[in-house]
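Inspection log for the structure reproduced underneath, given as structure tokens.
The values are calculated or read from the model by the stated rules, or taken from the named source; none is laboratory data. As the structure is a computational prediction, the values presented were derived from the model and not from experiment. Every residue, glycine as well, gets a Cβ built from its backbone with ideal geometry; the counts of neighbours run over all protein chains shown.
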Amino acid sequence: MKQVYYKAITLTALTYPTSIFAQGFRDNDVTGGKTFSSFVYGLEGAFNTLFMIIIGVSFFVFLWGLAIRLIQIGSSEKQKEAKQIMVWGIIGLLVSVSIFGILSIGVATFK
């Protein structure tokens, strides 16, 4: 199972820069998109993509822990390990959603 995990991480790491650089700045001004506002728009798109990936991975980690917990009903040690995985998944969700909200407020301030 670790091989699948490592392959998913590698695939994400290799394709993430492509999705970031495919997004251009929005050209809503006469200066050709070289203002601070267009820079903020570009960062917003990059952060949105990054945080959606992080939220997805955190949710997957939570579900992975839940699946382990349901499959290993008889083993007390595996139950504790699965519970810890689920807790880290929830912590990842809470932290990433909180940071996403704070950054969204900051981006909205500079628009």
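Residues in the range 87-111 that are polar (S, T, N, Q) and modelled with pLDDT of 85 or more were compared, and the one that is surrounded by the fewest Cβ atoms within 10 Å (Cβ to Cβ) is Ser98. I'd like to know if the range 42-51 contains one or more residues that are at pLDDT below 65 and part of a helix (DSSP H, G or I). No, because not a single residue in the range 42-51 is at pLDDT below 65 and part of a helix (DSSP H, G or I).
Residues of the range 68-86 being assigned to a helix (DSSP H, G or I) and surrounded by 13 or more Cβ atoms within 10 Å (Cβ to Cβ), which ones?
From the range 68-86, those assigned to a helix (DSSP H, G or I) are 68-71, 76-86; that's our starting set.
Selection gives Ile68, Arg69, Lys78, Gln79, Glu81, Ala82, Lys83, Ile85, Met86.
For the range 65-111, the set of residues classified as under 30 Å from Gly42 (Cα atoms), in contact with a helix residue (DSSP H, G or I) (Cβ under 6 Å, 6 or more places away or on another chain) and polar (S, T, N, Q) consists of Ser96 only.
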